[in-house]
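Asker: Let me give you the structure first, and then I'll get to my questions.
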Amino acid sequence: MTKVWPGNDYPLGATYDGAGTNFSIFSEIAERVELCLFDEKGNETRFELPEVTSFCWHGYLPNLGPGQRYGFRVHGPWAPAEGHRCNPAKLLLDPYARAIEGQVQWNEAVFPHFFNNPDGPPNDKDSAPFVPKSVVINLGQRRTRRWFMKRTLKAFL
């Protein structure tokens, strides 16, 4: 099993450095954040981000590079009246991602509530099979950026 190193809180998002990838995401209310990696078959492996600096949860995975699909699961309060909707059953895109792959498949699991009870408890169905994934890219390779942009745009056209 790969060990997650502490990494850096900046820059936000996934940053590949040639030897591995640093992940950093901001959350003031999270109690725990999991980095979720997906293989080509959609199998998920979770790693807890070990460090928090100035509300940025971060970690570094050696030997992880471009093309890796990932997302986050945030553990914390569920208090919709206060604007807090942490639900680890929902896979979140990296808001700082430089590439995204896939499309939303509209399923009840994607929503924070159950259709028959919108004011009830949080929907605990796993959303990962139904949502797009963030993708690690190598910012040093122009072809990689263009390839992902073309592929991403093609998915929406």
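Each value in this text was obtained by applying a stated rule to the coordinates, not by laboratory testing. All of these numbers come straight from a predicted model, not from anything done at the bench. Here the Cβ positions follow ideal geometry from the backbone for every residue, glycine too, while neighbour counts run over all protein chains shown.
Asker: Based on C-alpha coordinates, I'd like the Rg and Dmax of region 1-61, in Å.
Answerer: Using the Cα atoms of region 1-61, the pair Rg, Dmax is 11.5, 35 Å.
Asker: Taking θ as phi - 60°, what are the ³J(HN,Hα) couplings along region 119-128 by the Karplus curve (6.51, -1.76, 1.60), each to the nearest whole Hz, with x for Gly and Pro?
Answerer: So the J values, rounded to whole Hz, are 9, x, x, x, 6, 9, 6, 5, 8, 3.
Asker: Once label points are set 7 Å from the Cα along Cα→Cβ at both R32 and A89, what is their separation, rounded to one decimal in nm?
Answerer: 1.7 nm
Asker: Using the beta-carbon distance between D126 and D17 and R0 = 25 Å, what value does 1/(1 + (r/R0)^6) give for FRET efficiency, to the nearest 0.05?
Answerer: The computed FRET efficiency comes out at 0.20.
Asker: Describe numerically, in nm with one decimal, the distance between label points set 7 Å from Cα along Cα→Cβ at W78 and at Q105.
Answerer: 2.4 nm
Asker: What size of dipole, in debye to the nearest 20, comes out for region 1-72 about its Cα centre when the only charges are +1 on Lys and Arg C-beta atoms and -1 on Asp and Glu C-beta atoms?
Answerer: Values: 5 positive and 10 negative charges, 35 e Å.
In total the dipole reaches around 160 debye.
Asker: Right, next: With the calculation restricted to Cα positions, what are the radius of gyration and Dmax of region 66-145 in angstrom?
Answerer: Answer for region 66-145, Rg first and Dmax second: 15.0, 48 Å.
Asker: Using the Cα centre of the chain as the reference point, and only Cβ charges (+1 on K/R, -1 on D/E), how large is the resulting charge dipole? Debye, rounded to the nearest 20. Numbers along the way, then the final one.
Answerer: On the way: 18 positive and 17 negative charges, 202 e Å.
Result for the chain is approximately 980 debye, rounded to the nearest 20.
Asker: So for the chain, what are the equivalent ellipsoid semi-axes in whole Å, largest first, each being the square root of 5 times an eigenvalue of the Cα gyration tensor? Mind showing how you got there, number by number?
Answerer: Working: eigenvalues 138, 84, 33 Å².
The equivalent ellipsoid of the chain has semi-axes of 26, 20, 13 Å.
Asker: Next question. Per the Kirkwood definition applied to all pairs of different Cα atoms, how many angstroms is the hydrodynamic radius of region 40-111?
Answerer: On the way: mean 1/r = 0.0683 Å⁻¹.
After inverting the mean inverse Cα-Cα distance, the result is 14.6 Å.
Asker: While we're looking at this one, here's another question. Considering only lysines 8 or more places apart in sequence, or on different chains, count the pairs in the chain whose C-alpha atoms sit under 17 Å apart.
Answerer: Working: K41/K133; K90/K125; K90/K133; K133/K150; K133/K154.
Here the count comes out as 5.
Asker: When the chain is treated as a GNM, springs tying every alpha-carbon pair under 10 Å, which of P80, P11, P62 comes out with the largest mean-square fluctuation?
Answerer: P80
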